[in-house]
Amino acid sequence: MKSLDSFPRVSLGVFPTPIQKLENISRLLHTNVYVKRDDLTGLGLGGNKVRKLEFLLADAKAQGAEVVFTTGGAQSNHAMLTAAAAGKLGLQAILLLKQRGVTDCVGNLLLERIMGTDVRFIDTDDYADIYAEMDRVGAALGRPYYKIPCGGSNPLGTLGYVACAKEIAEQGMAFDHIVCAEGSGGTMAGMALGAKLFLPGTRVHGMMVDREPFDEITPALMKAAAELLEAEMEITPADYLLRDVCGAGYAIPSEEGNAAVSLMAEQEGLFLDPVYTGKAFGGLLALAKEGAFRPEDKVLFLHSGGAGGLFAL
């Protein structure tokens with residue numbers, strides 16, 4: 001198997017991120033709950049996309065790109081962090097965002113304005129339209145450009161969370177369960193593949209916050225990332241668990257997610273967001289109520305960031 005260190009990366013984050021026990025939450029749930037603080041990855045307001053962007057923007061620079069395109073919803077954490085990372089590396093970011101959700105100058109859009117980012121809205125529900133527009137704008141610019149998919153969720157970006165699983169193993173703790181949000185697929189797929197490689201015995205739960213077919217997306221990304229690593233293994237549904245926590249729809253806060261945001265803030269002084277981590281932690285709470293965790297289990301919640309979304313409610 002190829003080493004993760006054999007892939008080009010740019011240094012954007014502060015790693016390893018801490019693992020902390022949530023003492024009050026653990027008492028409430030009668031099990032041992034920990035948090036992996038990927039809200040502290042060090043760029044912008046932190047978040048999981050920094051790990052993916054270290055691989056993706058290294059590839060962009062290797063290909064001679066001067067302009068980086070990406071996309072997402074109007075309040076995309078990934079888009080905001082791509083803009084921050086691109087600026088740090090001397091690249092121009094152009095964000096082509098879906099004209100859906102909160103498009104006022106609040107939350108991540110405010111941060112993008114502060115950075116002077118070129119943000120353009122497209123009235124479509126089909127990302128194929130947006131990727132075609134990237135090519136049209138890129139051709140008109142006449143400068144070399146690089147396209148990053150929504151969420152940075154392609155095989156190369158997925159390696160960011162394979163690396164995170166390896167980091168967890170190197171931090172010296174064994175976990176029975178890891179729980180993370182699944183919004184575009186790459187974080188969950190990387191964590192599940194990484195657990196298979198570096199965290200034997202750990203069950204990875206993907207909390208689906210969108211209506212995409214993650215039962216197809218997750219194994220496809222795992223297989224493609226494993227191929228990049230030249231890791232010979234079979235990916236099966238037994239390698240991960242998926243749970244629907246989407247509620248009324250993507251980026252629409254749910255009652256369970258909002259309750260989870262409040263509980264984490266009240267009990268641990270940590271702030272989740274209503275789109276991703278709040279719904280994911282709500283899923284963890286539901287699993288605990290259903291008896292999925294034993295008193296002696298160690299459960300790790302991935303805090304994947306998203307603080308900007310709190311200010312766009």
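The values are calculated or read from the model by the stated rules, or taken from the named source; none is laboratory data. Computed from a prediction, not measured in an experiment: that's the story for all the values here. Virtual Cβ from ideal backbone geometry, glycine too; neighbours counted across all protein chains shown.
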Problem set entry | Subset of the stretch 241-289 that is out of contact with any helix residue (DSSP H, G or I) (no Cβ under 7 Å at 6 or more places or on another chain) and hydroxyl-bearing (Ser, Thr, Tyr) - its residue that is nearest to Ile25 (Cα to Cα) | Ser262
Exercise. Can we say Phe281 is surrounded by 22 or more Cβ atoms within 10 Å (Cβ to Cβ), within 16 Å of the chain's Cα centre (by Cα), modelled with pLDDT of 95 or more and not in a helix (DSSP H, G or I)?
Worked result: no
Exercise. Just to be sure, is Phe55 among the aromatic types (Phe, Trp, Tyr) and within 19 Å of the chain's Cα centre (by Cα)?
Worked result: yes
For this session: Look at Ile217 and say whether it is β-branched (Val, Ile, Thr) and either under 24 Å from Ile168 (Cβ atoms) or not in a loop (DSSP other than H, G, I, E, B) (or both).
Result: yes
For this session: Report yes if some residue within the stretch 58-66 is in contact with a helix residue (DSSP H, G or I) (Cβ under 6 Å, 6 or more places away or on another chain) and of a type in the set (A, V, I, L, M); otherwise report no.
Result: no
For this session: Given the conditions (1) at pLDDT 95 or above; (2) surrounded by fewer than 22 Cβ atoms within 10 Å (Cβ to Cβ), report the number of the one that Ile252 does not fulfil.
Result: (1)
For this session: All but one of (1) free of Cβ contacts under 8 Å to residues at least 24 places away in the same chain; (2) of a type in the set (Gly, Ala, Ser); (3) under 30 Å from Leu197 (Cβ atoms) hold for Ala265, so report the exception by its number.
Result: (3)
Exercise. If we scan the stretch 143-157, do we find a residue that is out of contact with any helix residue (DSSP H, G or I) (no Cβ under 7 Å at 6 or more places or on another chain), closer than 28 Å to Asp118 by Cα, surrounded by fewer than 19 Cβ atoms within 10 Å (Cβ to Cβ) and of a type in the set (Lys, Arg)?
Worked result: yes
Seminar exercise, completed: In the stretch 284-302, residues that are assigned to a helix (DSSP H, G or I) and under 19 Å from the mean Cα position of the chain (by Cα) total 1
